[in-house]
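The structure appears right after this line, and notes come after that.
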Amino acid sequence: MPRAAARVLTLTVLAGALSACSMFGGKEAPKPLDLGPNPGKIAVHQAWAVKLGSEVPLAMPALVQGNTVTVVTKDGSVTTLDGNSGSQLGKFSAGEPLTTGVGSDGQRTAVVTRSNQLAVFAEGKQLWKHRLNAAVYTPPLVAGGRVFVMTADRSLAAFDANNGRELWSAEGPSNEPLILRQPGVLLPVGNTLVVGVSGRLAGVDPDNGSVRWMAPLAAPRGTNDVERLVDLVGPVSRVGASVCARAFQASVGCVDVSNANVRWTQNSKGSDGIDGDEQSVFGAESNGTVQAWRRTDGERLWSVDKLQYRKLTAPLVLGRSVVLADDLGTVHMLSREDGSALTRLQTDKAGVATAPVVAANTLVVVSRSGTVYGFKPD
């Protein structure tokens, strides 16, 4: 393995371990608050539950396409379920564990394995694979007949989705000593790739990898590499040309990607991504405080601390609620208006692996145990 790739992998593992450390040092962590009776202000029931046969690792986003949801498990299996009924629509194995969730355009599905192999499948059969020079923690993007990949060192590459031919590659920043072992930012906005590079959103030409613009959301601070680590983490919230994102343990902000104008940034000590709607942006701090900001100018709308110390997932905006899940297996539905509790749902004690998603009018929650739950309104 090239020296640069080896350095990236070593430091990625280090950063992942550091980000998982307790913020309370050697002291016993504070216990979550007793939430009391379920408020039950909205009626939701468990419609189905499906066991996948293997555990689901953390930081593996579930992929929603239309009425389907695709989930990966620790053994390298990729399973697609019908969001309405939970029935299995497809399944294949990459042959070894994966390092991130999948990307798909509905016809071709891209995965990255632990041995840094980018592999593309269609109808459960492998079309091609390509060896990468570094690990990947951000799901590949499959769009426009191409597969776009962002490696752990924030290098980018594009491949022909049909045959795997490399179309272009662009190196990431060379001065980043630490890299997070969790999904970053990679999404299409019109004819531009919007990616997270250090503390900046960048607009990249999908045809050749050239950078069109940069918009800073956070700058390195502190006296050591850990304190100076700033990286954008997924998921993000996009409404039209407004893309809002979180910089790890630093800030939340919104960018107008039509002109690369940073609309606002606010300090925020969170480690997972955000979600939002036309009016608001929502996110959870690392201590479990849930916050809402106004999308236009970043003014704080509300803050709720009743879920502190529960290790919350990134949020999902669903109807009039903001949905977050925790490592105790509880799903919390809060009011978008003021953060008050609407109802709570229960999965299992293994804890929730990734942010909840919605498919076919069904709230889909993936447990680390490998059980996928579907909840529907009464």
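Looking only at residues of segment 288-297 that are of a type outside the set (Phe, Trp, Tyr) and buried (at least 18 other Cβ atoms within 10 Å of the Cβ), we find that the one that is nearest to ALA245 (Cα to Cα) is ARG295.
Considering only residues of segment 155-175 that are part of a loop (DSSP other than H, G, I, E, B) and small (Gly, Ala, Ser), which is farthest from LEU127 (Cα to Cα)? Reasoning before the result, please.
So the first thing to find is which residues in segment 155-175 are part of a loop (DSSP other than H, G, I, E, B), and the list is 155, 161-165, 171-175.
After this cut, where a residue has to be small (Gly, Ala, Ser) as well, the list is 155, 161, 164, 172, 174.
On the way: SER155: 24, ALA161: 9, GLY164: 8, GLY172: 28, SER174: 33 Å.
Restricting to residues being part of a loop (DSSP other than H, G, I, E, B) and small (Gly, Ala, Ser), the top hit is SER174.
Scanning segment 283-299 for residues being out of contact with any Phe, Trp or Tyr (no Cβ under 7 Å at 6 or more places or on another chain) and more than 21 Å from PRO32 (Cα to Cα) gives a total of 4.
Can you find a residue in segment 305-317 that is of a type in the set (Gly, Ala, Ser), assigned to a strand (DSSP E or B) and in contact (Cβ under 8 Å) with a residue 12 or more places away in the chain? Spell out how you get there, then give the answer.
Step one: of segment 305-317, the residues of a type in the set (Gly, Ala, Ser) are 314.
In the following step, the residues that additionally are assigned to a strand (DSSP E or B) were identified as none.
Checked against the condition, which is being of a type in the set (Gly, Ala, Ser), assigned to a strand (DSSP E or B) and in contact (Cβ under 8 Å) with a residue 12 or more places away in the chain, segment 305-317 yields no hits at all.
If you filter segment 83-100 down to residues that are closer than 11 Å to VAL372 by Cβ and touching a residue at least 60 places away in the same chain (Cβ under 8 Å), you find that the one that is farthest from the chain's Cα centre (by Cα) is GLY86.
Can you name every residue in segment 150-159 that is at pLDDT below 95 and over 18 Å from VAL236 (Cβ atoms)? Correct list: THR151, ALA152, ASP153, SER155. All told, ALA152 meets the bar of being within 19 Å of ARG114 (Cα to Cα), in a loop (DSSP other than H, G, I, E, B) and touching a residue at least 24 places away in the same chain (Cβ under 8 Å).
Here are GLY370, GLY374, GLY329, GLY339: which of them is in contact (Cβ under 8 Å) with a residue 40 or more places away in the chain, touching a Lys or Arg at 6+ places or on another chain (Cβ under 9 Å) and closer than 18 Å to ALA62 by Cβ? Give the steps one after another, and end with the answer.
Details: GLY374 fails: touching a Lys or Arg at 6+ places or on another chain (Cβ under 9 Å); GLY329 fails: in contact (Cβ under 8 Å) with a residue 40 or more places away in the chain; GLY339 fails: closer than 18 Å to ALA62 by Cβ.
Sole residue among the options that is in contact (Cβ under 8 Å) with a residue 40 or more places away in the chain, touching a Lys or Arg at 6+ places or on another chain (Cβ under 9 Å) and closer than 18 Å to ALA62 by Cβ: GLY370.
Matching residues to (1) more than 22 Å from PRO57 (Cβ to Cβ); (2) hydrophobic (A, V, I, L, M, F, W, C); (3) at pLDDT below 95:
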| residue | (1), (2), (3) |
| --- | --- |
| VAL142 | no, yes, no |
| PHE148 | yes, yes, no |
| ALA161 | yes, yes, no |
| TRP168 | yes, yes, no |
| PRO173 | yes, no, yes |
| LEU178 | no, yes, yes |
| ARG181 | no, no, yes |
| ASN191 | yes, no, yes |
| ALA219 | yes, yes, yes |
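Would you be able to say whether some residue in segment 238-246 is exposed (fewer than 15 other Cβ atoms within 10 Å of the Cβ), without any contact (Cβ under 8 Å) to a residue 60 or more places away in the chain and on the phi > 0 side of the Ramachandran plot? It would help to see each step written out before you state the result.
Residues of segment 238-246 exposed (fewer than 15 other Cβ atoms within 10 Å of the Cβ): 239-241.
Still in the running and without any contact (Cβ under 8 Å) to a residue 60 or more places away in the chain: 239-241.
If we keep only those that are on the phi > 0 side of the Ramachandran plot as well, we get 240.
Yes: segment 238-246 contains one or more residues that are exposed (fewer than 15 other Cβ atoms within 10 Å of the Cβ), without any contact (Cβ under 8 Å) to a residue 60 or more places away in the chain and on the phi > 0 side of the Ramachandran plot.
This table checks each residue for (1) surrounded by 14 or more Cβ atoms within 10 Å (Cβ to Cβ); (2) within 28 Å of ARG320 (Cβ to Cβ).
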residue	(1), (2)
ALA29	no, no
LEU33	no, yes
HIS45	no, yes
PRO61	yes, yes
THR70	yes, yes
LYS74	yes, no
GLY83	yes, yes
GLN88	no, no
PHE92	yes, no
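Screening segment 269-295 for residues that are among the polar types (S, T, N, Q) and over 17 Å from the mean Cα position of the chain (by Cα) and picking the one that is farthest from VAL331 (Cα to Cα) gives GLN279. Quick check on segment 101-134: of everything there that is charged (D, E, K, R) and under 22 Å from the mean Cα position of the chain (by Cα), which residue is surrounded by the fewest Cβ atoms within 10 Å (Cβ to Cβ)? Only one residue tops the list, namely ARG114.
The values are calculated or read from the model by the stated rules, or taken from the named source; none is laboratory data. It should be emphasised that the depicted structure is a prediction, and the values quoted were computed from it without experimental measurement. Don't worry about glycine lacking a Cβ; one is built from the backbone with ideal geometry, like all the others, and counts go over all protein chains shown.
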